[in-house]
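Step one of this worksheet: look at the structure below.
The values are calculated or read from the model by the stated rules, or taken from the named source; none is laboratory data. Here the structure is a predicted model, which means the values were calculated and not measured. Here the Cβ positions follow ideal geometry from the backbone for every residue, glycine too, while neighbour counts run over all protein chains shown. Protein only, heavy atoms only, side chains kept; ligands, DNA and RNA dropped before computing areas. Shrake-Rupley method; radii C 1.70, N 1.55, O 1.52, S 1.80 Å.
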Amino acid sequence: MSEARSGGGTSAPTVLRMILGRRLQDRRLGAGVSLDDAAKALRVTSLTIRRLEKAEVGLKPLYVEKLLQTYGAGQQEIDEFVDLADRANEPGWWHAYRDVVPSWFTGYVSLESGAKTLRTYEPHYVTGLLQTYGYARAVLRGGFPNDSEEDLERRVSLRLRRQSLLEKADAPTLWVVMEEAVLHRVAGSAEIMREQIDRLLEVSELDHVSVDIVPFTAGAHVGACAPFTYFRFEEPELPDIVYSEILSASVYLDQRSDVAAHLEAHNRMSLLTSSADSRALLNRMRKEYS
């Protein structure tokens, strides 16, 4: 993926499509087949082969079958790969919300669903995976002031449905670093903020969830920038990926230097506080909203 920028009508690749794209590339390289030769086998351009391998386009079963035959794969491997390609082309559960979710955000939900480790930095709001209904509704109303009530409720429904990820038997590890400013930015009402802080205190007790609050007293620091999420996967084909966004678009990064910079920033920010200090701050803020 290297650096994939998305906006408007472009959707980011799904996790399974990324895995299969990498496997196709490995199979081609292992067989000593060049991009041009692979392209000739399909009667397409080498750019098409490159886009297949980078998961920038869907995996057509006929293309996959022909390529694997060109690479010398056996029929069993081809059949299994084609089955996976069919699965990769199926829409995820979040596809049902496509009317209220930007196409460039669907890739995020797919990465979130497939990751083993998630690290987030949030300077403005509680991360979506930990938001309560009231808080999510207030934040989304602020972000989409012209939405109908029906559309707003669908956005909230998607956000809350994503949270089931943390309740799975094989739930990923979630490490959240937030600025203290998040707790002072009132979303909805004092009651909603109190409920949200209770939620943060509750989930911070879970073995697979960490919540660190960087206090104002930490001053200027390396992470004072846009929110981002770092994904790590179990599958060896997938590199670590960082996602960040601006008002109307997003960026997905997997170049080692970019990922390493964000990972280091997250590590440095986590050293500016402790679990005990974060819980103490949460409890103090809860009293302020009582």
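For this structure, a couple of remarks:
- Taken over region 240-260, residues that are touching a residue at least 24 places away in the same chain (Cβ under 8 Å) and either loosely packed, with under 13 Cβ neighbours inside 10 Å or more than 12 Å from the chain's Cα centre (by Cα) (or both) amount to 6.
- Enumeration of residues in region 153-174 that are of a type outside the set (A, V, I, L, M, F, W, C), touching a residue at least 24 places away in the same chain (Cβ under 8 Å) and under 23 Å from residue 212 (Cα atoms): 159, 162, 163, 172, 173
- Flag for residue 84 being modelled with pLDDT of 90 or more and part of a helix (DSSP H, G or I): no
- Counted as qualifying within region 106-218 are the strands (runs of 3 or more DSSP E) with 3 or more residues that are under 22 Å from residue 250 (Cα atoms), namely 117-122, 173-179.
- Complete set of residues in region 56-79 that are open to solvent by less than 50 Å² (accessible area, probe 1.4 Å), under 15 Å from residue 27 (Cβ atoms) and assigned to a loop (DSSP other than H, G, I, E, B): 59, 71, 73, 74
- Scanning region 110-154 for residues being more than 20 Å from residue 243 (Cα to Cα) and open to solvent by 40 Å² or more (accessible area, probe 1.4 Å) gives a total of 13.
- Residue match in region 261-275 (condition: assigned to a helix (DSSP H, G or I), among the basic types (Lys, Arg), open to solvent by 40 Å² or more (accessible area, probe 1.4 Å) and more than 25 Å from residue 183 (Cα to Cα)): no
- So residue 87, is it charged (D, E, K, R), open to solvent by 20 Å² or more (accessible area, probe 1.4 Å) and in contact (Cβ under 8 Å) with a residue 60 or more places away in the chain: yes
- Selected residue (criterion: farthest from residue 182 (Cα to Cα)) from residues of region 276-290 that are of a type in the set (A, V, I, L, M, F, W, C) and free of Cβ contacts under 8 Å to residues at least 12 places away in the same chain: 276
- Flag if residue 203 is under 30 Å from residue 144 (Cβ atoms), of a type outside the set (S, T, N, Q) and open to solvent by 10 Å² or more (accessible area, probe 1.4 Å): no
- Here residue 97 passes the criteria (1) out of contact with any strand residue (DSSP E or B) (no Cβ under 7 Å at 6 or more places or on another chain); (2) among the hydroxyl-bearing types (Ser, Thr, Tyr); (3) at pLDDT 90 or above; (4) over 21 Å from residue 53 (Cα atoms) except the one numbered (3).
- Qualifying residues in region 42-55 (those that are among the hydrophobic types (A, V, I, L, M, F, W, C) and modelled with pLDDT of 90 or more) - the one surrounded by the fewest Cβ atoms within 10 Å (Cβ to Cβ): 47
- Qualifying positions in region 225-238 - in contact with a Lys or Arg (Cβ under 8 Å, 6 or more places away or on another chain), at pLDDT 85 or above and not hydrophobic (A, V, I, L, M, F, W, C): 229, 230, 232, 234
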